[in-house]
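Visitor: The structure is given below, and queries will be raised subsequently.
Rule-based calculations on the coordinates, nothing more; no lab input. Since we're looking at a predicted model, the values are computed, not measured. Positions of Cβ are generated from backbone atoms using ideal geometry, with glycine treated the same way; all protein chains shown enter the neighbour counts.
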Amino acid sequence: MRVRNLIIGIVLGLNALIVALQWHQLLIISLPLLLLALYDISQKQHTILNIYPVIGHFRYLFESIRPEIQQYFVESNINGRPFNREYRSLVYQRAKGQTDTRPFGTQFDVYRSSYEWINHSLSPCATSSSDLTVQFGNAACRKPYLASPLNISAMSYGALSKNAIMALNKGAKAGGFAHNTGEGGLSPYHLKYGGDIIWQIGTGYFGCRTEDGEFDEVKFSEKAKHNAIKMIEIKLSQGAKPGHGGILPAQKLTQEIADIRHVPMGQDVISPAAHSAFSSPKELLLFVDTLRQLSGGKPIGFKLCLGKKAEFFAIAKAMLATKITPDFITIDGSEGGTGAAPIEFTNAVGTPLLDAIIFVDDVLRAIGVREQTKLIASGKIISAFHMAKIIALGADAVNSARGMMFALGCIQSRTCNTDKCPTGIATQDPARYQFLDVENKSTRVKNYHNKTIHHLAELLGACGINRLDQLERQHINRRIDSSTTTDYETLHPSVAQNCLIAGEDIPQSWLADWQNASAEHW
């Protein structure tokens, strides 16, 4: 009855409006619609508008706001992509200092295949988050770095706005964790608040390049010795677009960014797919040693998305041949994020993080250098359980990009490549990023980090563990089907220590790739 009365009221109101309006007022309303209809009928680009003039525009309107409709009115808490509402809300709540507990039990189906959990202990212990630190730097490193197990993953100034970069760095400073610059180079905004920096050197050598795009040792050395820079990371490839250079769309390139990167204005900034400073596994390790010397002895590592296994075996052989080991290797899963990438690369190139971290961990153990090289994992890691799982499978520490973006206020609108980010994070439009408050957002970044590490400590304590290196594959269980479960040690048994050096107990699946690998070429 109430609905019927409402409809009747609306109809009567519209009739009264039509009666009240004079003819010229009606003309003002109808003329633009008539002109739009004539345009729709005459244009040749959109068949829908030819057939359905005027009303056809609603299709494009709804398509443009479809992600928001999907997010807020269609998705359940656990079926959204790339990140569901359960985990987005978790970050928002921890960042804002709100209640992050959940009532009424899990919404996940614990009997579905691929469901995972961690084994707890009947003898839990008290574990302090202050004890969960990771030291980077092997015997060849003169300036080791004591890091948090959770740090900000590589996101460049250019991909992100200056306010976003400043908020991330100020949050890192306040929370005592590190901030990776991304391959876009070291900007004043990375240094403004004094947060610890991991300087990433990509194939474009932005910030340390010559006029023709080659690596410049002098420029590198000058910047690498800055006190805020704690580690240097050579980017070989990234998860979202492995084998493809980084992309900064022209619409996001400002004069300031062009000056920082030493690139021309008015065109997409596309990094080469490969480095010019080295072209073989041996040369990569020699480049690691060169950067170590030029930086004054800081930890040097490289980042890659695992591709052909024979090529990583080639790096392993180069470590044995040169006696040079990186201080760390960052493994980026193919599920990693990016501001802009071809869809074929995003969806179908590269090894997922879980498989990659297990393989790399095993290979380093098999050549006897695992204790010298720390592993950092990156790719869809949001919660303390995500961290505990990937550390149990072989990582020492974790980098998060999209988690930190959610802490800044990202709503997953997926407009990073258009310069129209509605939250001022992934844009160079001052009309948008000026409203991103650095002070407020830096506090949220710090809160998210610190609360996640707190929950990681609680999770370890529940398992009777007080150190990260006590996490093992056997702690993580996976459901195979409705009636079968197993742990990851059973799924992926650890290889024998030094087996590749001894030539014994080598996994059968490794033999062909190990034999074909060469330290002299990829």
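Visitor: Are there trypsin sites (Lys or Arg not before Pro) in segment 98-182 that DSSP marks as loop and that have at most 14 other Cβ atoms within 10 Å, and which are they?
Guide: R112, R142
Visitor: Helix 85-96 versus the longest principal axis of the chain: what angle, 0 to 90°, nearest 10, using Cα atoms?
Guide: Tilt of helix 85-96: around 80 degrees.
Visitor: Determine ³J(HN,Hα), in whole Hz, for all residues of segment 198-215 in sequence, where each value follows from phi through the Karplus function 6.51 cos²θ - 1.76 cosθ + 1.60 and θ = phi - 60°; x replaces Gly and Pro.
Guide: With the stated coefficients, segment 198-215 comes to 9, 8, 8, 10, x, 5, x, 6, 4, x, 9, 10, 7, 4, 9, x, 8, 5 Hz.
Visitor: Helix 23-42: angle to the longest alpha-carbon principal axis of the chain, degrees 0 to 90, nearest 10?
Guide: 50
Visitor: With runs of 4+ DSSP H residues as the only contributors, calculate the mean residue ellipticity of the chain at 222 nm using -39,500 (n - 2.57) per run, divided by the residue total and rounded to the nearest 500.
Guide: For the chain, the value works out to -11500 deg cm²/dmol.
Visitor: Helix 309-322: angle to the longest alpha-carbon principal axis of the chain, degrees 0 to 90, nearest 10?
Guide: It works out to around 40 degrees.
Visitor: Summing +1 for each Lys or Arg and -1 for each Asp or Glu, what net charge is found among the other residues whose Cβ lies under 12 Å from the Cβ of A321?
Guide: Combined, the nearby Lys, Arg, Asp and Glu give +1.
Visitor: While we're here: Excluding same-chain residues fewer than 8 positions from K298, which aspartates and glutamates have a Cα within less than 12 Å of its Cα?
Guide: Filter leaves E233, D289, D327.
Visitor: Taking Cα pairs under 8 Å and at least six residues apart, what relative contact order does the chain come out at, in percent?
Guide: 20
Visitor: What is the Cα convex hull volume of segment 432-472 when expressed per residue in Å³?
Guide: Taking only Cα atoms, segment 432-472 has a hull volume of 88 Å³ per residue.
Visitor: Of the listed peptides 145-153, 217-225, what is their order by residue-averaged count of other C-beta atoms within 10 Å, with the highest listed first?
Guide: Listed from highest to lowest mean packing, they are 145-153, 217-225.
Visitor: Rounded to whole Å, give me the distance from the Cα center of segment 164-196 to that of segment 250-313.
Guide: Taking the Cα centre of each part, segment 164-196 and segment 250-313 sit 19 Å apart.
Visitor: Taking the beta-carbon count within 10 Å as an exposure proxy, list W199, W514, W117 from fewest neighbours to most.
Guide: Starting with the residue having the fewest Cβ neighbours, the order is W117, W514, W199.
Visitor: If you restrict to DSSP beta bridges whose two residues both lie in the chain, what percentage is antiparallel, to the nearest 5?
Guide: Counting only bridges with both partners in the chain, antiparallel ones make up about 35 percent.
Visitor: Order 259-272, 281-294 from most to least packed using the mean count of other Cβ atoms within 10 Å.
Guide: 281-294, 259-272
Visitor: List the residues, sorted by chain then number, that are 5 or more residues from T485 or on another chain and whose placed amide H is less than 5 Å from its amide H.
Guide: Here the answer is I480, since their amide H atoms fall under 5 Å of that of T485.
Visitor: Output wanted: per-residue J couplings in Hz (rounded whole) for segment 341-357, from phi through Karplus 6.51 cos²θ - 1.76 cosθ + 1.60, θ = phi - 60°, x for Gly and Pro.
Guide: With coefficients 6.51, -1.76 and 1.60, one gets 7, x, 5, 5, 6, 4, 8, 9, 10, x, 8, x, 4, 4, 5, 5, 5 Hz.
Visitor: I201's amide H: which non-local residues (gap 5+, or another chain) put their own amide H closer than 5 Å, with H modeled 1.01 Å from N in plane and none for Pro or chain starts?
Guide: When sequence neighbours closer than 5 places are left aside, the close amide H contacts are E233, I234, K235.
Visitor: Would you calculate the volume per residue, in Å³, of the smallest convex hull containing every Cα atom of segment 406-522?
Guide: Given the Cα convex hull of segment 406-522, per-residue volume reads 262 Å³.
Visitor: Using the Karplus curve 6.51 cos²θ - 1.76 cosθ + 1.60 with θ = phi - 60°, work out ³J(HN,Hα) for each residue of segment 448-465 in order, rounded to whole Hz, and write x for Gly and Pro.
Guide: Listing the rounded values in order: 4, 4, 5, 6, 5, 5, 4, 6, 5, 4, 4, 5, 5, x, 5, 8, x, 10 Hz.
Visitor: When Lys and Arg each count +1 and Asp and Glu each count -1, what net charge do the other residues less than 10 Å away from D419, Cβ to Cβ, add up to?
Guide: Taking every other residue near D419 into account, the sum is +2.
Visitor: Same structure again: Using all alpha carbons of segment 307-362, what is the percent of pairwise distances in each 5 Å bin, ordered from the shortest bin to the longest?
Guide: Spelled out bin by bin, segment 307-362 gives 4, 15, 24, 21, 16, 11, 6, 2 percent.
Visitor: Quick check on my link table: of K219/K441; K230/K374; K143/K441; K162/K223; K252/K308; K225/K317, which ones sit more than 22 Å apart, alpha carbon to alpha carbon?
Guide: K219/K441; K143/K441; K252/K308; K225/K317
Visitor: Just to confirm a number: summing +1 for Lys and Arg and -1 for Asp and Glu over residues other than R112 whose beta-carbon lies under 13 angstrom from that of R112, what do you get?
Guide: In short, -1.
Visitor: Here's something else I'd like to know. For A240, what residues show an amide H to amide H distance below 5 Å, using hydrogens built from the backbone and excluding near sequence neighbours?
Guide: Those lying under 5 Å, H to H, from A240 are G336.
Visitor: Scattering from the C-alpha atoms of the chain alone, worked out with Debye: what is log10 I(q)/I(0) at q = 0.08, 0.12 1/Å?
Guide: -0.57, -1.14
Visitor: Which aspartates and glutamates does K309 reach when only Cα atoms under 20 Å apart count, and residues fewer than 8 places away in its own chain are ignored?
Guide: E283, D332, E335, D355, D361, D362, E504, D505, D513, E520
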